[in-house]
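Here's the structure we're looking at; comments come further down.
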Amino acid sequence: MAKENSAFSAIPETPVSESKVALPSRQLKPALARRLGEEPEKAEKKRGRQRYVEKDGKCNVQHGNVRETYRYLTDIFTTLVDLKWRFSLLVFVLAYAITWLFFGLIWWFIAYCRGDLDHLGDDAWTPCVNNLNGFVSAFLFSIETETTIGYGHRVITDKCPEGIILLLLQAILGSMVNAFMVGCMFVKISQPNKRAETLVFSSHAVISLRDDRLCLMFRVGDLRNSHIVEASIRAKLIKSKQTQEGEFIPLNQTDINVGFETGDDRLFLVSPLIISHEINEHSPFWEVSKEQLQKDEFEIVVILEGMVEATGMTCQARSSYLVDEVLWGHRFMSVLSLEDGFYEVDYNSFHLTFEVPTPSCSARELSEAAARMDAHLYWSIPSQLDEKVEEGTEKGGDGNKERNGNLTSPESESKV
């Protein structure tokens, strides 16, 4: 385990001579690189392989050259919810400010057209809105109307039918703006994305024997006391492939069975669980050995879904494992212990593994070897039985010969 930890450490343990060689930034020729002791170029590419899904669950995919941008406006509610917080707050403030300014300008325009601004000190004149003496007061009256504050200093009179119609229109549109913007903010605040931060995956996946079968395993856990209801787990193998017709399929997705047929994919996630994928003839790792695993390039994406117990909203947590993060011949350390009246989970050992004896051959070769051993045992048991039968028949034949060689006595003849 110490060797593995040193392999994944931030500062590699290299001699001084090698560190001096690695200082030049220019690329060296392959022959010179091999002579200087540098790692092969293929290993450099393998270490720098781009992830499809990051360890924190973010999908490393960007959409470019999207020309039909109007489709985002057809679902404006989801577009606003998906915006970042700074843009959502900006849209929230602008939506109210623009409507207040717009209706404030209309209130000022009505007062200007009716001549209310020219009869500010005339008590005999009945204005559309009392105490409206300019654009600022019209803007304040617009805010009071839309937010239904109603201070009482500026009020509409019954001598202004156009003002009454505008008042009804602003009340209706203001309610719609409130419902839309408050709904967007509520959905954005109550999104269960942050709930996935407390759903953790092991930093490595392991391959080892379980019940005499090679299994790919990883661990999941929930840090909160409020549980995930109806939790389920899925896994996908992301690997490029080429069909028999020559078609190249980049990042092809293959399902990895983690217990769908037996119901083991439905989890009761109270304590950390080890998810196991049995490598059988239906598995994409059926013919993968330890040596081939180190040369292969793929990514395993794991998806944990469930409902948040507090809100009832669906939550999804994701993670991935590259080839370098799959340890052959390892097993997870135990994290569950029985204390006085309760079970305790030690999350310090959540990511720790230890080596166990594991065959380096593929699951197919292991199955064929087991089948040959079973066949040998099957055929060896009848052969032993045949030998015993032959020995019994030989002994029986010798007894018959002895009986046939002796003369019968007169007593036996009389009995006959």
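The values are calculated or read from the model by the stated rules, or taken from the named source; none is laboratory data. Because the structure is a prediction, the values reported are computed rather than measured. Cβ sites come from the backbone with ideal geometry, for glycine too, and all protein chains shown count toward neighbours. Only protein heavy atoms, including side chains, enter the accessible area calculation; ligands, DNA and RNA are left aside. Shrake-Rupley method; radii C 1.70, N 1.55, O 1.52, S 1.80 Å.
Couple of notes before you dig in:
- Hey, S226 part of a loop (DSSP other than H, G, I, E, B), open to solvent by 40 Å² or more (accessible area, probe 1.4 Å), modelled with pLDDT under 95 and not aromatic (F, W, Y) or not: yes
- Flag for R219 being assigned by the TED database to the domain that holds V335, part of a strand (DSSP E or B), buried (at least 20 other Cβ atoms within 10 Å of the Cβ) and of a type in the set (D, E, K, R): yes
- Unique match (being in contact with a strand residue (DSSP E or B) (Cβ under 8 Å, 6 or more places away or on another chain) and over 30 Å from T78 (Cβ atoms)) among S232, S226, S208, S203: S208
- If the condition is being surrounded by 13 or more Cβ atoms within 10 Å (Cβ to Cβ), under 52 Å from the mean Cα position of the chain (by Cα) and among the aliphatic types (A, V, I, L, M), then the stretch 153-170 contributes L166, L167.
- When the stretch 233-270 is limited to residues that are farther than 22 Å from R51 by Cβ and touching a Gly at 6+ places or on another chain (Cβ under 9 Å), the one that is surrounded by the fewest Cβ atoms within 10 Å (Cβ to Cβ) turns out to be R266.
- Any hit, the stretch 155-163, residues being charged (D, E, K, R) and under 30 Å from L90 (Cα atoms): no
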